[in-house]
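Single-structure report; data block below.
The values are calculated or read from the model by the stated rules, or taken from the named source; none is laboratory data. Given the structure is predicted, the values throughout are model-derived calculations rather than measurements. Neighbour counts are summed over all protein chains in view; Cβ atoms, including those assigned to glycine, are modelled from backbone coordinates with ideal geometry.
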């Protein structure tokens with residue numbers, strides 16, 4: 001039975017401050033950054049750059065603000081992730097040694113135990129290290145740990161409540177196979193503060209990278225699909241480049 005945590009009203013649980021992602025082209029579109037202590041869903045298919053975007057958010061917090069970030073995964077292997085990110089110039093092993101980057105890999109039983117205990121080791125680590133930024137990669141893998149839709153929904157809501165209680169600004173990645181495909185129930189989409197979608201769509205024999213902001217609570221943002229590049233130093237957004245599929 002998933003631990004039931006008292007739910008906090010949406011209007012009172014949020015701080016009106018902004019957390020800069022420092023991802024080129026993004027913060028200026030959303031009034032300076034993500035809302036502080038918000039939960040942000042990052043959707044995209046394979047190869048769209050979800051993990052790069054998420055790690056860039058954590059690394060930029062370390063470099064620019066000396067903020068500790070935590071990366072919780074249900075699928076990524078530490079050695080592979082660290083090796084892949086070196087190609088972007090991000091030395092996660094060094095940041096980990098300095099205590100600024102925390103990597104936590106969870107198997108299905110550990111995830112369920114975390115929810116039952118109301119946070120467990122993760123909560124202790126966040127408190128001890130004063131974690132400000134969090135990534136969960138991916139919420140899709142988390143959802144697949146539960147067989148039926150009701151249990152899956154209850155588990156996700158319990159996870160969201162835990163994140164709210166931890167007081168971090170969080171990015172949750174999720175798999176999206178194609179443009180417009182619904183991954184989660186509308187109820188869960190209402191629970192997150194923002195939904196950002198990354199694309200790598202084929203058009204006339206080539207692929208175009210793009211992104212759009214489907215939703216960001218309490219924030220004025222563009223309603224267009226805009227250009228995006230992945231370079232040797234990470235993601236760079238191109239707000240002035242409108243992309244049509």
Looking at (1) in contact with a helix residue (DSSP H, G or I) (Cβ under 8 Å, 6 or more places away or on another chain); (2) at positive phi; (3) at pLDDT below 95, can you tell me which one residue 239 breaks? (2)
Can you say whether residue 69 is touching a residue at least 60 places away in the same chain (Cβ under 8 Å) and either out of contact with any helix residue (DSSP H, G or I) (no Cβ under 7 Å at 6 or more places or on another chain) or at positive phi (or both), as far as the supplied structure shows? no
Which of the residues that make up the range 97-109 are part of a helix (DSSP H, G or I) and closer than 29 Å to residue 60 by Cα? 97
Considering residues that are assigned to a helix (DSSP H, G or I) and farther than 16 Å from residue 50 by Cβ, the number found within the range 69-96 is 10
Select from the range 120-143 the residues that are over 14 Å from residue 107 (Cα atoms), in contact with a helix residue (DSSP H, G or I) (Cβ under 8 Å, 6 or more places away or on another chain) and modelled with pLDDT under 95 and list them in ascending order. 120, 123
Of all residues in the range 4-48, how many are in a loop (DSSP other than H, G, I, E, B), surrounded by 14 or more Cβ atoms within 10 Å (Cβ to Cβ), modelled with pLDDT under 95 and touching a helix residue (DSSP H, G or I) at 6+ places or on another chain (Cβ under 7 Å)? 1
